[in-house]
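One structure is given here, and the rest of the page talks about it.
The values are calculated or read from the model by the stated rules, or taken from the named source; none is laboratory data. If you're wondering where the values come from, they're calculated on a predicted model, not measured in any experiment. Here the Cβ is made from the backbone with ideal geometry for all residues, glycine too, and neighbour counts use every protein chain on show. Calculation scope for accessible area: heavy atoms of the full protein, side chains included, ligands and nucleic acids excluded. Shrake-Rupley method; radii C 1.70, N 1.55, O 1.52, S 1.80 Å.
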Amino acid sequence: MLELSARDRRRRVTNVIAIGALCVLGFLAITPLFFIFSYLILRGWGGLSLDFFLEIPKPVGEEGGGMANAISGSLVLLSLTAAFGVPIGMLCGIALSELKNSFTARVLRVAVDLLTSVPSIVIGLFAYAVIVVPMKGYSAWAGGFALSIVTVPIVARSTEEILKLVPRTVHEAGLALGIPRYKVLLRLILPGVRSGILTGVLLAMARVSGETAPLLFTAFSNSFGFRGLSSPTASLPVQIYTYATSHDETWRQLAWTGALVLVFVVFCLNLLTRFLVRKS
Amino acid sequence: MALDVSPEFNQKTGMGNLDGQNLEVEQKQIALETQKLSAWFGDHHVVKEISLSVEKNDVFALIGPSGCGKSTFIRCLNRLHEEGEGARVSGDVLIQGIGKSGGRENIYRSGVDPVSVRRRIGMVFQKPNPFPGLSIFENVASGLRLAQVVRRSVLEEVVETSLKQAALWDEVKDKLKKPGTSLSGGQQQRLCIARALAVRPQILLMDEPTSALDPISTARIEELVMKLRGEVTVMIVTHNMQQAARISSQTAFFLMGELVEVGPTNRIFTKPKESKTEQYITGRFG
Ligand SMILES: Nc1ncnc2c1ncn2[C@@H]1O[C@H](COP(=O)(O)OP(=O)(O)O)[C@@H](O)[C@H]1O
Ligand SMILES: [Mg+2]
């Protein structure tokens, strides 16, 4: 009775083979990540110093210098994104969840999905046409505008998904108390999903902090640090791109260290979102 | 309106004998009356021309097999039904006015704001639904805080009396700052009752408030509903017939969206006029 039949034995073997294959595939999937990290540490670690964060780049041929300009520029660009793209995305997501399946909501949803699939270089081009050309110059404004457009659909969709998770009954409980709809949303629903929405926002920020294409001809770059929102503004990804392809050994080292810092920041943002998800 | 009788008139009469007919004059005030109330989900006619009236400060039970439109009907009474997609209502619902006129108001008259209707007609749902992320105190205070302007001191007082009315005060008075969702299911439902009572509604609608609860919690809620009699008009949906028999004085039996029979609970359960009612209460269907 308890003996294994031939069929049972065959099933066991298949099981072992399948699990083995999955392990190999899983290993293959994380190998690039492992190599990227180790290579970045190998090449970038040596360049890490306080100077990297505090100094602006030195001219070609001179030793030293840092990426303070790119770091501050990235912070400015991300702040602009957080100030414009994130709230617009959230409003969009709230509208999507409130309007449910109405015609407006369906149109908006398709628009948001299309926007997600627009290549970011095209978004950069658009920002170039509507901001850089009329303002007659590259600026942080243009870069922030382009990054905001990248952010809006991501935040909108994640906000909508989170709000969808709130049971309808909570909504109804609020309405049944004679609380106006907007207050039910603002005071009763949103506070309960704060950390979920924040998670979506952080993921979106992690995503745009590495965007290069939309910044190439909007924020452009500079090598002297932040000079106001209407001036060209450096950013880590663009600076890495420029320095990595240069012929100067010091600059190439800066690019590696910059890449390490960028990946580290994105990595931390992702970890933070995991932490938030677990908490909520 | 035949039923539009002023309170003074009510008290003086009692032997009204007009034209030799033995008219039964309404002794009690009517808290709520529906007139040919119908409701739809899209093309699905779910509630069919229901006309009934509920006496003030009484407990009125609604029974019927599941899917017969009890929830939909009761959700029309605080204008919640219309919030759903494709939902539609026709007919009238009259409630006692609060103005000087003291007359009755039709909550479906055009121009009436559903929000103001819902401030006067509270609701308790089938599944306890405290606001997530809000403390016990905030849950009870939410209606007052977000729908009205109330001073903090008044708020604390109202929260305490409401929790006492809902028989929850003793269990939570030391942990008012704890989240409402940290309570047990039965406590959460009493929290929801306290939350609904805090805005001092004229009428309290309860949609199978005990169907998700254990027998002990159920008994506590039945007890508190009986205590509420005389203070607030309660309309309670239940598919538990014993419950209806225990706590209500009037009962209506619904079947497939229609009102089959309505009358004193005693009579409905002992001498139903309709054979369908009899079949249902003797457990032959539903
Ligand atoms: N949201 C909805 N959309 C469409 N049909 C619904 C919806 N809710 C209920 N119904 C239908 O309306 C009828 C009455 O439902 P309901 O009022 O919930 O009955 P009860 O509370 O008596 O069980 C049922 O046939 C049900 O299928
Ligand atoms: Mg129901």
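Residues whose amide H lies under 5 Å from that of residue B:46, counting only those 5 or more places away or on a different chain, are B:39, B:40, B:41; hydrogens are built 1.01 Å from N in the peptide plane. Within the accessible area of the protein assembly as shown, the carbon and sulfur atoms contribute 61%, probe 1.4 Å, all protein chains present. Give me the angle, in degrees from 0 to 90, between the Cα long axis of helix B:185-198 and the longest principal axis of the Cα atoms of chain B, rounded to the nearest 10. Rounded to the nearest ten degrees, it is 70.
Comparing the full protein assembly with the isolated chain, the residues of region B:101-146 losing at least 30 square angstrom of accessible surface (1.4 Å probe) are B:115, B:118, B:125, B:129, B:131, B:132, B:134, B:146.
In chain B, Cα pairs under 8 Å separated by at least six residues give a relative contact order of 23 percent. Phi-derived couplings, Karplus 6.51 cos²θ - 1.76 cosθ + 1.60 at θ = phi - 60°, listed residue by residue for region A:193-205: 10, 3, 5, x, 5, 4, 4, x, 5, 4, 4, 5, 5 Hz, with x used for Gly and Pro. Farthest towards the positive end of the charge dipole of chain B, among the residues B:204, B:238, B:141, is the Cα of B:141, using unit charges on the Cβ of Lys, Arg, Asp and Glu.
Taking B:44, A:247, B:81, B:239 and ordering them by how much accessible surface each has at a 1.4 Å probe, largest first, produces A:247, B:44, B:239, B:81. Scanning chain B for GluC sites (Glu not before Pro) lying in DSSP loops with no more than 13 further Cβ atoms inside 10 Å, the longest uninterrupted stretch between such sites is B:86-230. If both residues of a DSSP beta bridge must be in the protein assembly as shown, then about 60% of such bridges are antiparallel.
Qualifying trypsin sites (Lys or Arg not before Pro) in region B:231-286, where qualification requires a DSSP coil assignment and no more than 15 other C-beta atoms within 10 Å, comprise B:273, B:284. Backbone phi angles across region B:46-60, fed through the Karplus curve with coefficients 6.51, -1.76 and 1.60 (θ = phi - 60°), yield HN-Hα couplings of 9, 10, 10, 6, 8, 10, 7, 10, 10, 6, 5, 6, 10, 10, 10 Hz in residue order; Gly and Pro are listed as x.
DSSP loop (so not H, G, I, E, B), at most 14 other Cβ within 10 Å: list which trypsin sites (Lys or Arg not before Pro) in region A:198-280 pass both filters.
A:227
Its Cα centre serving as origin, the protein assembly as shown has a Cβ charge dipole (Lys and Arg +1, Asp and Glu -1) of approximately 520 debye. Mean residue ellipticity at 222 nm, helices only, chain B: -9500 deg cm²/dmol; runs of at least 4 DSSP H residues each add -39,500 (n - 2.57), and the sum is divided by the number of residues. Check residue B:123: other-chain or 5+ apart residues with amide H under 5 Å from its amide H, H built from backbone geometry? Amide H neighbours of residue B:123: B:205. Using a/c under 1.5 as the rounded threshold, could you call chain A rounded, prolate or oblate? The axes a ≥ b ≥ c are square roots of the C-alpha gyration tensor eigenvalues, and prolate needs a/b larger than b/c, oblate otherwise. Verdict is oblate for chain A. Using a 1.4 angstrom probe on protein heavy atoms only, the contact between A and B buries about 1800 square angstrom of accessible area, both sides summed. The residues of chain A expose on average 55 square angstrom of accessible surface per residue, using a 1.4 Å probe on protein heavy atoms. Across region A:18-34, coupling constants 3J(HN,Hα) worked out from phi with the 6.51/-1.76/1.60 Karplus curve, θ = phi - 60°, read 4, 4, x, 4, 4, 4, 4, 4, x, 5, 4, 5, 8, 4, x, 4, 4 Hz, and Gly and Pro carry x. Quick check on my link table: of B:28/B:273; B:28/B:127; A:100/B:70; B:48/B:276, which ones sit more than 21 Å apart, alpha carbon to alpha carbon? Flagged as over cut-off: B:28/B:273; B:28/B:127; A:100/B:70. The charge dipole of chain B, taken about its Cα centre with unit charges on the Cβ atoms of Lys, Arg (+1), Asp and Glu (-1) only, comes to about 620 debye.
Taking the C-alpha atoms only, the angle from helix B:136-147 to the longest principal axis of chain B is near 60 degrees.
The separation of region B:201-279 from region A:19-75, counted between C-alpha centres, amounts to 70 Å. Burial annotation for region A:148-180: residues with an accessible-area loss of at least 20 Å² between the isolated chain and the complete set of protein chains, computed on heavy atoms with a 1.4 Å probe, are A:169, A:170, A:172, A:173, A:175, A:176, A:177, A:178, A:179, A:180.
Which of rounded, prolate, oblate describes the protein assembly as shown, given a ≥ b ≥ c as roots of the alpha-carbon gyration tensor eigenvalues and a/c under 1.5 marking rounded, otherwise prolate only if a/b is larger than b/c? Taking the square roots of the gyration eigenvalues as a ≥ b ≥ c, the protein assembly as shown is prolate. Summed over qualifying helices (DSSP H, 4 residues or more, each -39500 (n - 2.57)) and divided by its residue number, chain A shows a 222 nm mean residue ellipticity of -22000 deg cm²/dmol. Accessible surface computed residue by residue for chain B, with neighbouring protein chains in place and a 1.4 Å probe, gives 48 Å² per residue.
Our note on the geometry: Cα centres of region B:118-169 and region A:154-178, 20 Å apart.
Relative to the longest principal axis of chain B, what angle (0 to 90°, nearest 10) does the C-alpha long axis of helix B:152-165 take? With both axes taken from Cα atoms, the answer is about 60 degrees. First check a/c for region B:32-135, with a ≥ b ≥ c the square roots of the eigenvalues of its C-alpha gyration tensor; if it is under 1.5, answer rounded, and if not, answer prolate when a/b is larger than b/c or oblate otherwise. Note, shape of region B:32-135 comes out rounded.
Just to confirm the filter: which trypsin sites (Lys or Arg not before Pro) across region A:91-126 are DSSP coil and have at most 13 other Cβ within 10 angstrom of their Cβ?
Answer by residue number: A:100.
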